[in-house]
Every structure is written in C-alpha cells, then in structure tokens.
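The values are calculated or read from the model by the stated rules, or taken from the named source; none is laboratory data. No experiment lies behind these values; they were computed from the predicted model shown. A quick note on method: Cβ atoms are made from the backbone with ideal geometry, for glycine too, and the neighbour counts reach across all protein chains shown.
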Amino acid sequence: MIAAAALLGYAGLLLAAGAPALARARWPDRAPRLAVAAWLALAGSAAASVTLGGLALVVPTVRVSADLADLLTACVMALRAQYAHPGGAALAGAGAVLALAVTARVSWCTARTLTAGALARRRHRRGLGLAGHPDPRLGAVVIDHHEPAAYCLPGGRRQVVLTTGAIAALDHAQLAAVLAHERAHQRGRHHLLVSLAGALAAAFPRIPAFRQAHEQVARLAELLADDAATAACPRLAVAGALLALGAAAPVPAAGLGAGGSATGARVRRLIAAPRPLSRAASAAGMLTVAALVAFPLLTAAGPALAARGENYCPHAAAAAPAAAARSAGTAGWCGLSAGC
Amino acid sequence: MRGFGELEAAIMDRIWSADGPLLVREVHATLRPERAYNTVLTVVEILYRKGWLTREKEGRAYRYRATATREDYAAGLMGEALDASTDRAATLRRFAERIGPDEAGQLHEALEQARRAGERR
C-alpha cells in the first residue's frame with residue numbers, strides 16, 4: 001500500500017513538476033545527450049511507476065522468506081486479509097485495471113508508431129526510387145525539386161535525401177556539413193529515440209509532460225546531430241548551412257511562431273559555441289538520470305531487496321539442529337519460521 | 001523485389017524523358033540492359049493500374065503517358081516527407097525549418113561577425 005502510494009506520487013511529481021523544470025532548464029543546450037537521456041528517463045519512469053504502482057495495489061507486499069512453504073502461507077494470508085473487506089478488493093481491482101491499461105496502451109502505441117514509420121518509409125523509399133537518382137559522390141539520393149530540403153530516411157537501408165534546390169543553395173563546406181549532420185542522425189539511431197518519446201505522447205495525449213518530452217527529444221536530436229557535424233566540419237559551415245536552407249525553406253502551413261525560430265536558435269548556438277557541461281556536472285546528471293529510473297524499480301521490488309539483507313537462513317552453527325527439526329516433522333516448520 | 005523496383009524506376013524514367021506517349025514496344029527498345037518484352041509489358045500494366053500511367057488506344061496497342069510530371073511527383077513526395085502538419089513518422093525532421101527574413105538578416109550579420117573574428121584570431 002505504501003509502495004503503491006509512493007509510486008503513484010512519484011509519477012505525479014515527475015509529470016507535474018519534473019517535466020516543466022527540465023523544460024525550463026538551460027543546461028540541455030550544453031549537454032544534449034544527457035538531456036535526451038533525462039527526458040526519456042523521466043517519461044519512461046513516470047509510465048513505469050504508474051504501472052508498478054497499480055501492480056503494488058494488486059499484490060500485497062509479503063515478507064520474502066527462503067522457505068517456500070512459509071512464503072506461500074504468508075502470501076495466502078496477506079491476500080485473504082486484503083480481499084476480505086470490499087474496500088481492499090476494489091482497490092486491488094482498480095490497481096489491476098490501471099496496470100493493465102497503461103501497459104496495453106503503451107505497447108499498442110509503440111507498436112503502432114514503429115510500424116507506421118516503417119510502412120511510410122518503405123513507401124517513401126519506393127517513391128524515391130522512381131523520382132530520385134542516387135549520387136554516389138555525395139552518398140545521397142538527389143531529387144529534382146526547387147525547394148531546398150535535406151533529410152534522412154532511417155531504418156534498414158539508410159538514405160540521405162537532398163533536393164536540387166538544397167544543392168544549389170549550399171557551398172561545398174556547407175554541403176559536407178549537411179551530410180555529416182544527417183549521417184549522425186542515422187548513426188545515433190535518433191529516429192528510434194524520437195519514436196519512443198512520440199509513442200508515449202500518443203499514448204497519453206492529455207498529459208502535457210509527454211508531449212513536451214516528445215518535442216524536446218526531437219529538438220535535442222537536432223542539436224546532437226549539429227554537434228556531430230561540427231566534429232567533422234567547421235562550426236560556422238554548419239551554422240551557414242542551417243541559415244542558407246532555413247532562410248530558403250517554405251513558410252509552414254501553420255505559420256511562423258512569434259519570436260525566433262527553432263532553427264534560428266540552432267544557428268545562434270553554433271555561433272556562440274557554448275562550453276559543454278563540465279565532466280563533474282555530466283557525471284552528476286547521469287547519476288540523477290539513473291536514480292530517476294531506479295526509484296520505481298527499487299520501490300516496487302523493495303520488499304524482495306529488503307529480504308535479501310535479512311539473515312533468513314539459519315547460521316552454520318544452528319544448521320544441524322534446524323535440519324534435525326525439519327526432519328522431525330511438521331512441528332519443525334513452525335520452529336524454523338519463528339527463527340527467521 | 002529490388003530488381004523489380006529498379007525496372008519500375010527505369011520505365012518511369014523513359015516515359016518521363018520522352019517527348020510524347022510511348023508504346024510498350026518503344027519503352028522496351030530503349031531499356032538497358034535489355035529485358036524480356038513480356039516483363040516490361042507486365043510492369044507497365046502494373047504502373048497503369050497503380051495510377052502512375054494513363055494510356056490511350058492506338059490501333060491494337062496502347063500509348064502510355066505519366067499522370068504527373070517528374071517534378072510534380074517529386075514535389076508530392078517531398079510534401080509528404082516534410083509536411084509539418086503530419087507527424088512525419090517516415091523521416092526525421094528536415095535539416096532546417098523556416099527562418100523568417102528578419103531573423104535571417106540578424107543571423108547573417110552575426111555569422112559574418114563570427115567569421116571575421118575567426119579570421120583575425
């Protein structure tokens with residue numbers, strides 16, 4: 001009961017306070033990799049906590065014992081006690097529904113997002129096969145289109161796609177920067193990270209934290225690829241390529257947001273070249289991320305872990321009498337149980 | 001399957017580059033490496049049924065024409081891949097999203113300054 005309350009409370013805390021705080025933080029621009037891990041850990045951990053919290057309501061915690069018969073008896077007693085009064089049964093029912101619903105919804109949405117992506121990519125790849133022509137010198141598929149655009153098609157047969165408009169708008173160094181950026185997406189399998197965050201957002205459309213996690217993972221994946229591109233190309237060439245293609249990109253149907261654009265922010269970040277997070281701060285961040293994930297798992301598995309620390313086996317000295325007691329018959333079970 | 005896709009692409013390429021509608025025999029004659037006539041005929045009919053080609057009767061044969069120009073087809077394909085209103089499950093984001101003209105002007109200036117600072121150093 002306490003574990004269930006702790007888990008559900010933790011999920012609520014992550015979604016209501018953790019996500020807004022992470023969205024407001026300024027360090028993610030300096031450590032996009034850590035920030036992607038933090039967002040995925042936050043979203044995944046919240047979903048897992050709700051599931052485990054539901055399970056914790058169903059299964060009352062029982063002190064784990066090395067003695068199987070003892071454990072079973074304890075289980076039966078605890079289960080009987082919980083289901084004896086109607087409130088307990090109702091709570092357990094609600095917990096079961098919660099755990100099942102969350103698991104089913106997340107699995108369904110993840111499967112749907114991944115298969116929809118794979119299908120759309122296959123169709124798009126066929127289309128590219130018809131209208132595009134591979135350019136082995138660039139290692140990309142070029143398509144005749146006046147609008148400048150560059151993107152990559154992830155998955156099995158990876159492809160970088162460039163329009164003729166993009167090639168015309170870029171100089172040599174900028175073109176290399178674009179290719180390095182898109183290949184970093186493919187190498188890092190960023191589409192999987194974005195898809196996972198997207199699946200959670202699709203599973204719980206009413207919860208803003210999941211939508212925020214999806215947007216932020218998508219944004220940070222771009223920063224990650226920008227950083228990878230600067231490792232291979234001059235920083236200002238990456239910035240120049242972004243500016244050249246961004247300024248020539250068509251106005252989106254939704255219109256431009258007020259203030260600066262996301263791509264503009266990436267250009268400013270490349271020009272300013274913020275120092276990456278210090279080693280100590282990154283390590284602390286990684287520990288925090290690990291703790292985010294570990295908390296629900298440890299809380300749910302708490303009783304079992306606590307039992308590991310206990311000395312439920314008879315000491316070596318006591319082993320002989322204990323064995324004797326066991327052979328003496330059923331009375332021995334009671335003696336052993338009392339000893340634990 | 002891969003070979004089939006390549007043949008589809010080669011046939012569409014011939015039809016798109018031609019001045020007018022083509023007979024299957026004419027498509028077949030220009031394909032390199034040479035393919036069996038019946039294979040070409042089958043694939044052309046598949047493309048017709050999929051809606052990529054239209055045809056008009058000429059004597060006992062059909063003349064085939066693409067339903068959209070290569071440019072229109074490419075534009076449709078790009079729109080599908082990059083349209084901001086769909087969730088773009090197929091591709092990652094395009095390399096750069098739109099930067100408005102005012103912002104682009106400021107960024108050009110900032111970039112120019114950074115370049116000059118870099119040269120001086």
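Within the range A:159-178, does at least one residue satisfy the condition of being within 12 Å of another protein chain (Cβ to nearest Cβ) and closer than 24 Å to A:LEU34 by Cα?
Checked the range A:159-178: at least one residue is within 12 Å of another protein chain (Cβ to nearest Cβ) and closer than 24 Å to A:LEU34 by Cα.
Results for (1) among the aromatic types (Phe, Trp, Tyr); (2) buried (at least 20 other Cβ atoms within 10 Å of the Cβ); (3) at pLDDT 90 or above, shown as yes or no for each residue.
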site	(1), (2), (3)
A:ALA225	no, yes, yes
A:ALA229	no, yes, yes
A:PRO234	no, no, yes
A:GLY240	no, yes, yes
A:ARG275	no, no, no
A:ALA280	no, no, yes
A:MET286	no, no, yes
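Say whether the condition of being aliphatic (A, V, I, L, M), in contact (Cβ under 8 Å) with a residue 24 or more places away in the chain, surrounded by 15 or more Cβ atoms within 10 Å (Cβ to Cβ) and more than 10 Å from chain B (Cβ to nearest Cβ) is met by at least one residue in the range A:126-136.
No, every residue in the range A:126-136 fails to be aliphatic (A, V, I, L, M), in contact (Cβ under 8 Å) with a residue 24 or more places away in the chain, surrounded by 15 or more Cβ atoms within 10 Å (Cβ to Cβ) and more than 10 Å from chain B (Cβ to nearest Cβ).
Which of the numbered conditions does B:ARG63 fail, given that it passes all the others? Conditions: (1) away from every other protein chain (no Cβ under 12 Å); (2) modelled with pLDDT under 85.
The number of the failed condition is (2).
For residues that are in contact (Cβ under 8 Å) with a residue 40 or more places away in the chain and buried (at least 19 other Cβ atoms within 10 Å of the Cβ), scanning just the range A:184-196, find the one that is farthest from the other protein chains (Cβ to nearest Cβ).
Restricting to residues being in contact (Cβ under 8 Å) with a residue 40 or more places away in the chain and buried (at least 19 other Cβ atoms within 10 Å of the Cβ), the top hit is A:LEU196.
Name every residue in the range B:82-121 that is within 22 Å of A:ARG122 (Cβ to Cβ) and modelled with pLDDT of 75 or more, in order of residue number.
Within the range B:82-121, B:ARG94 is the sole residue that qualifies.
Return the residues of the range A:105-125 that are surrounded by 14 or more Cβ atoms within 10 Å (Cβ to Cβ), of a type in the set (Gly, Ala, Ser) and either without any contact (Cβ under 8 Å) to a residue 12 or more places away in the chain or within 7 Å of chain B (Cβ to nearest Cβ) (or both); say none if nothing qualifies.
Selection gives A:ALA116, A:GLY117, A:ALA120.
Answer with yes or no whether A:VAL76 is under 30 Å from A:LEU200 (Cα atoms) and in the same structural domain as A:VAL50 (by TED's automatic domain parsing).
Here the answer is no, as A:VAL76 does not meet what is asked.
When residues of the range A:152-164 are filtered for being modelled with pLDDT of 85 or more and either on the phi > 0 side of the Ramachandran plot or in contact with an Asp or Glu (Cβ under 7 Å, 6 or more places away or on another chain) (or both), how many remain?
Within the range A:152-164, residues that are modelled with pLDDT of 85 or more and either on the phi > 0 side of the Ramachandran plot or in contact with an Asp or Glu (Cβ under 7 Å, 6 or more places away or on another chain) (or both) number 4.
Does the range A:111-123 contain any residue that is in a helix (DSSP H, G or I), assigned by TED's automatic domain parsing to the domain that holds A:PRO296 and in contact with a strand residue (DSSP E or B) (Cβ under 7 Å, 6 or more places away or on another chain)?
Looking for residues that are in a helix (DSSP H, G or I), assigned by TED's automatic domain parsing to the domain that holds A:PRO296 and in contact with a strand residue (DSSP E or B) (Cβ under 7 Å, 6 or more places away or on another chain), one finds at least one in the range A:111-123, hence yes.
Restricting attention to the range B:6-33, report how many residues are more than 10 Å from B:TYR64 (Cβ to Cβ), assigned to a helix (DSSP H, G or I) and more than 14 Å from every other protein chain (Cβ to nearest Cβ).
4
If I go through the range A:157-168 residue by residue, how many of them are assigned to a helix (DSSP H, G or I) and crowded, with 23+ Cβ neighbours inside 10 Å?
Filtering the range A:157-168 for residues assigned to a helix (DSSP H, G or I) gives A:164-168.
After this cut, where a residue has to be crowded, with 23+ Cβ neighbours inside 10 Å as well, the list is A:166.
Counting residues in the range A:157-168 that are assigned to a helix (DSSP H, G or I) and crowded, with 23+ Cβ neighbours inside 10 Å gives 1.
Which pairs have Cβ atoms under 7 Å, sit 6 or more apart or on different chains, and link a residue in the range A:2-19 that is at pLDDT below 90 to one that is surrounded by fewer than 19 Cβ atoms within 10 Å (Cβ to Cβ)?
These pairs meet every condition: A:ALA3/A:THR61; A:ALA3/A:GLY302.
Every residue in the range B:1-13 that is farther than 14 Å from B:ALA68 by Cα and either at pLDDT 85 or above or surrounded by 13 or more Cβ atoms within 10 Å (Cβ to Cβ) (or both), please.
Kept after step one, since they are farther than 14 Å from B:ALA68 by Cα, are these residues of the range B:1-13: B:1-11.
Passing the criteria: B:GLY5, B:LEU7, B:GLU8, B:ALA9, B:ALA10, B:ILE11.
When you go through (1) among the acidic types (Asp, Glu); (2) at pLDDT 85 or above; (3) assigned to a helix (DSSP H, G or I) one by one for B:GLU56, which number turns out not to apply?
Every condition holds for B:GLU56 apart from (3).
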